[in-house]
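Asker: First the structure, then my questions, so here it is.
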Amino acid sequence: MMDTSPPHSLRRMPTGIWVLGVVSLLMDISSEMIHSLLPLFMVTTLGAGTIAVGIVEGLAESLALVVKVFSGTLSDYLRRRKGLALFGYALGALTKPLFAIAPDIGTLLTARLLDRVGKGVRGAPRDALVADIAPAHLRGAAFGLRQSLDTVGAFLGPLLAVGLMLLWADDFRAVFWVAVIPGMMAVALLLFGIQEPESRQTTTRANPITRDNFARLGSAYWWVVGIGSIFTLARFSEAFLVLRAQQGGIPIAFIPLVMVAMNLVYASSAYPFGKLSDRMNHRTLLTLGLLLLVAADLVLAMNDHWSVIPAGVALWGIHMGMTQGLLATMVADVAPTDLRGTAYGCFNLACGLAMLIASLLAGFLWDRLGAAFTFYAGACFSVLAIIGTLSSPMTQHRRTG
């Protein structure tokens, strides 16, 4: 495939992509200040076990992905993306105080589920909005840029959490209260900084959930869904990276630095790999990312010493940078423009079910057989995803409408 990307693509990137990226950055600062500490909060303060951690993380993350199918389809029907995205970000921001006041695991589960419902509501409309705003020749770079800015927030959040935990003597609840601020800032920026593309507002409304429309998605799209689902089975919740770091003897206040390191690698690699995906065969790039995940799982399985953990975490971060924006780009490339919200919703519904299975299995294996078996299982699913990717009939192409 010839390189048709213009030079200096960052300067050519539409303003709306930058705004959506900064909105994601602020919300991820808010969320990761909480999520980087949440497994430890559940285990040390609320007295939960690792199976409970797996249940909470699995239900929460899978619910977020399942909700996306409904919000994505609704955004196709309404021909509006911003309103649903705004509601999702607002719900996420408003649930943050619940973490600070949670007296037991039931309340925390409620907070986590509501927070992830907000993520689910905003996810598909936001991704479809990125695809609507970005020119086709910059689509991979646009998804990579948004993912990169999102991930900058994902490492700034844990970094702030570490500083505040040291400052306030491991006061989890005080840190959770501070996390409310960047969440509210994200909502305000989205409200005033993004304007819906006019071309979408003038389109006649039609029900996107019909047999004909599902047929229009095509076999290439459903192969992407299948590969994405197997991939999600291989990549369980990052909460287990945090627990692995705890086993390595890292002090509690410094454990969020594990997520800082992972997300720093993720953020620095997401845009370059997104830009590369505009020129490189998607199947090849996805296979390379899965191989890195196998390597990360094997490193984390074989040794839990604190000096080895960073290597596994770094490999995990690179694989995330290679694959997360790529999967979003692959969906945009094979889905009709007027069904992008539905396409992202169905993709995330399948991945949501896979995430639930993966996190429950990870928690069970960790509790019954030990941490190493959790990561060995992830490596096995990664190999299955590689086989599926290499044997799939996917061809790289762009839809323009």
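Asker: Filter segment 58-90 down to residues that are over 17 Å from T342 (Cα atoms) and modelled with pLDDT of 75 or more and give me whichever is surrounded by the most Cβ atoms within 10 Å (Cβ to Cβ).
Answerer: Going through the qualifying residues, I end up with Y89.
Asker: Among the residues of segment 380-395, which ones are at pLDDT 85 or above and surrounded by fewer than 21 Cβ atoms within 10 Å (Cβ to Cβ)?
Answerer: Scanning segment 380-395 gives C380, V383, L384, I387.
Asker: Could you say which residue among F192, F143, F155 is farther than 30 Å from L74 by Cβ and among the aromatic types (F, W, Y)?
Answerer: Criteria check complete, one pass: F155.
Asker: Among the residues of segment 269-299, how many are modelled with pLDDT of 85 or more, closer than 21 Å to A154 by Cα and either out of contact with any helix residue (DSSP H, G or I) (no Cβ under 7 Å at 6 or more places or on another chain) or of a type in the set (A, V, I, L, M, F, W, C) (or both)?
Answerer: Qualifying residue count for the region: 5.
Asker: For segment 226-236, name all the residues that are assigned to a helix (DSSP H, G or I) and either at pLDDT below 75 or not aromatic (F, W, Y) (or both).
Answerer: Once the filter is applied, which keeps residues that are assigned to a helix (DSSP H, G or I) and either at pLDDT below 75 or not aromatic (F, W, Y) (or both), segment 226-236 yields G226, I227, G228, S229, I230, T232, L233, A234.
Asker: Can I ask one more? In the set A142, A161, which member is buried (at least 20 other Cβ atoms within 10 Å of the Cβ) and under 19 Å from the mean Cα position of the chain (by Cα)?
Answerer: Exactly one residue qualifies, and that residue is A142.
Asker: Scanning segment 21-53 for residues that are at pLDDT below 80 and part of a loop (DSSP other than H, G, I, E, B), which turns out least open to solvent (accessible area, probe 1.4 Å)?
Answerer: S36
Asker: Test L361 against the criterion of being over 29 Å from S268 (Cβ atoms), open to solvent by 10 Å² or more (accessible area, probe 1.4 Å) and of a type outside the set (D, E, K, R), and give yes or no.
Answerer: Yes; evaluated as a whole, the condition is true for this residue.
Asker: Exactly one condition in (1) in contact (Cβ under 8 Å) with a residue 12 or more places away in the chain; (2) open to solvent by 20 Å² or more (accessible area, probe 1.4 Å) is false for P251; which is it?
Answerer: Of everything listed in (1) in contact (Cβ under 8 Å) with a residue 12 or more places away in the chain; (2) open to solvent by 20 Å² or more (accessible area, probe 1.4 Å), P251 misses just condition (1).
Asker: Output the qualifying pairs, or none if there are none: Cβ atoms under 6 angstrom, residues six or more apart or on different chains, first residue in segment 369-383 and part of a helix (DSSP H, G or I), second residue among the small types (G, A, S).
Answerer: A372/A301; T374/A362; F375/A301; Y376/A301; G378/A234; F381/A234; S382/A234
Asker: So in segment 114-130, with the set limited to residues that are of a type in the set (A, V, I, L, M, F, W, C) and surrounded by 24 or more Cβ atoms within 10 Å (Cβ to Cβ), which one is nearest to E57 (Cα to Cα)?
Answerer: V121
The values are calculated or read from the model by the stated rules, or taken from the named source; none is laboratory data. In this text the structure is predicted, and so the values were computed from the model without any measurement. For neighbour counting, all protein chains shown are included, and Cβ atoms are generated from backbone atoms with ideal geometry for every residue, glycine included. Quick note on the areas: whole protein, heavy atoms, side chains included, nothing else; ligands and nucleic acids left out. Shrake-Rupley method; radii C 1.70, N 1.55, O 1.52, S 1.80 Å.
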